Amino acid sequence: MDFSFWPTTAQPWPDLLAGCQWAEANGWHGVWVPDHFMTNMPVGVAAGEELAPWLEAWTTQAALAALVPRVRIGAMVSGNRYRHPALVANMAGTVDEISGGRLVVGLGAGWQENEHQRYGMDLGSVATRSDALEEACAVIRSLLDEQRTSFDGAHYTLDGAPCAPAGHEGRRIPLLVGGKGERRTLRTVARHADQWNMWAYPHEVAHKRAVIARWCDEFDRDPAEIRITISAMGRLCASEDERDKVSARLGNHGGLVGASTGEIRDAVAAYEDAGVDELVIADFNLPLDRRSEVLDQFQHEVFADFGDFSRQ
């Protein structure tokens, strides 16, 4: 199993860069960044948090591609309604070129209402978002794979559009789709994605994998071709009572919360048994001044039993 680092973009750039450089130097597989412009607060609620700094995801990926060597780089995940898929494909080709062939394109339907409303972007219904995501995946895949793309959909229209560069030295850039909807999103995963991601506990992973496998039958595709990546927050608690409170607060985001390293090790083993290829560890709940210390403890006391951190 691989382990990757997911820093919040609601932190100063020097701190985000330092966290990613720490992960690279310590042998982690990849670094991912979220794609948001502001905190998730209902519009109409007075909140100073809306004005807090948030680094933009694609420019951040480009910077990481230049400044952090070796590791995979991607967005977890780009909100599809924020950018036209042709723009995403062209940005992806450029970032992959900068990185020397290390990008994964992460894409999701989008969900955060206040961002869309504040910026005048049409979020749309769940059905509309699902339809647009399906089309966007087809557009991006074609732009990155073909010399020219023509597409006539309900949401996107392209007429002989080129995209170059479209992958470092002819590399096929992988596409990751994030989400859990079984009727639409996981069907899109089965049809278009090289990787899939969601927040989940191990038992949820097993169920969703089975759904993806059923959809793969429709497209005559081997589900083993799809890399399973799962996101989780980690927290080593001082007591079982604290563990239960933290777990309740984090919900399915807190898949690696435990009162001992043994409990967390059991959780990682359960993810491995569920078929997870990559665990993506978010720093959203970690104190910035102790982040490296906490992650170092997780790596050496838990993750090292499951992953290879000897990469150079």
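Roughly speaking, what % of Cα-Cα pairs in region 233-296 are separated by over 16 Å, rounded to a whole number?
Working: 946 of 2016 pairs.
Of the Cα pairs, 47 percent sit more than 16 Å apart.
Kirkwood Rh over alpha-carbon pairs of region 1-104, then Stokes-Einstein at 4 °C and 1.567 mPa s: what D in µm² s⁻¹, rounded to an integer? Before the final figure, lay out each step's value.
Details: Rh = 14.4 Å.
Calculated translational D: 90 µm²/s.
Filter the GluC sites (Glu not before Pro) in region 119-182 down to the DSSP loop ones having no more than 16 other Cβ atoms within 10 Å, then list what survives. Mind showing how you got there, number by number?
Details: sites: 134, 135, 146, 169, 182; in loops: 146, 182.
Hits after loop and neighbour filter: 146, 182.
Using just the C-alpha positions of region 45-143 as equal point scatterers, what log10 of I(q)/I(0) does the Debye formula give at each q in 0.13 1/Å?
With no solvent term, the Cα-only Debye profile gives -0.52.
Taking the Cα centre as origin and putting +1 on Lys and Arg beta-carbons and -1 on Asp and Glu beta-carbons, what dipole magnitude results for the chain, to the nearest 20 debye? Spell out each step's value before the answer.
Values: 29 positive and 45 negative charges, 88 e Å.
Rounded to the nearest 20 debye, it is 420 debye.
What does the helix-only formula give at 222 nm for the chain: each DSSP H stretch with n ≥ 4 adding -39500 (n - 2.57), the total divided by the residues, and the result rounded to the nearest 500 deg cm²/dmol? Can you show the working numbers first?
On the way: 10 runs with 125 residues, N = 312.
One gets -12500 deg cm²/dmol as the mean residue ellipticity at 222 nm.
Multiply the residue gap between residue 127 and residue 308 by 0.36 nm, knock off their C-alpha separation, and tell me the result in nm, one decimal place.
Numbers: separation 181, 0.36 × 181 = 65.16 nm, distance 4.07 nm.
Gain in length upon complete extension: 61.1 nm.
Can you tell me the Rg and Dmax of region 96-142, counting just the alpha carbons, in angstroms?
13.7, 38
Helix 126-145 versus the longest principal axis of the chain: what angle, 0 to 90°, nearest 10, using Cα atoms?
Roughly 70 degrees, rounded to the nearest 10.
Taking only Cα atoms and a 10 Å spring cutoff, compute GNM fluctuations for the chain and point out the largest among 209, 72, 243.
Greatest mean-square fluctuation among the candidates belongs to 243.
Would you work out which of 80, 154, 275 lies farthest towards the positive end of the dipole of the chain? Charges go on Cβ: Lys and Arg +1, Asp and Glu -1.
154
Based on DSSP, what percent of beta bridges with both residues in the chain are antiparallel, to the nearest 5? Can you show the working numbers first?
Working: 4 of 38 bridges.
Percentage antiparallel, nearest 5: 10.
Anyone know which of 253, 192, 84 comes out most mobile in the 10 Å Cα GNM of the chain?
Fluctuation is largest for 84.
Figure the gain on full extension for residue 70 and residue 206 (residue separation times 0.36 nm, minus the Cα-Cα span) and round it to one decimal in nm. Intermediate results must be reported in sequence, preceding the final value.
Values: separation 136, 0.36 × 136 = 48.96 nm, distance 3.05 nm.
Computed gain between residue 70 and residue 206 is 45.9 nm.
Please give the helix 85-99 orientation as an angle from the longest Cα principal axis of the chain, in degrees from 0 to 90, rounded to the nearest 10.
So the inclination is approximately 60 degrees.
With 22 Å as the cut-off, how large is the P(r) tail for region 153-274, expressed as percent of Cα-Cα pairs? Mind dumping the intermediate values first?
Numbers: 3701 of 7381 pairs.
Summing the P(r) of region 153-274 above 22 Å gives 50 percent of all pairs.
Work through the residues other than residue 221 whose Cβ is under 12 Å from its Cβ and net out their charges, Lys, Arg +1 and Asp, Glu -1.
Numbers: positive: 187, 191, 214; negative: 194, 217, 218, 220, 222, 225.
With Lys, Arg at +1 and Asp, Glu at -1, the net is -3.
For a quick check: sort 303, 151, 284 by the number of other beta carbons within 10 angstrom, fewest at the front.
Values: 303 24, 151 17, 284 14.
In order of increasing Cβ crowding within 10 Å: 284, 151, 303.
Over the alpha carbons of the chain, what is the largest minus smallest coordinate on each principal axis, giving the biggest first in Å?
The Cα atoms of the chain stretch 60, 48, 37 Å along their principal axes.
When a footprinting reagent is the concern and you count Cβ atoms within 10 Å, what order do 128, 9 take, fewest first? Intermediate values should be presented prior to the final figure.
Values: 128 15, 9 18.
Going from least to most buried by this count: 128, 9.
What is the calculated FRET efficiency for residue 273 to residue 159, with r their C-beta to C-beta distance and R₀ = 35 Å, to the nearest 0.05?
On the way: r = 48 Å, r/R0 = 1.39.
That gives a FRET efficiency of 0.10.
Compute the long axis of helix 13-25 from its Cα atoms, compare it with the longest principal axis of the Cα atoms of the chain, and write down the angle in degrees, 0 to 90, nearest 10.
80
No lab work stands behind these numbers, since they all come straight from the coordinates. Quick caveat: nothing in here was measured; it's all calculated off a predicted structure. For neighbour counting, all protein chains shown are included, and Cβ atoms are generated from backbone atoms with ideal geometry for every residue, glycine included.
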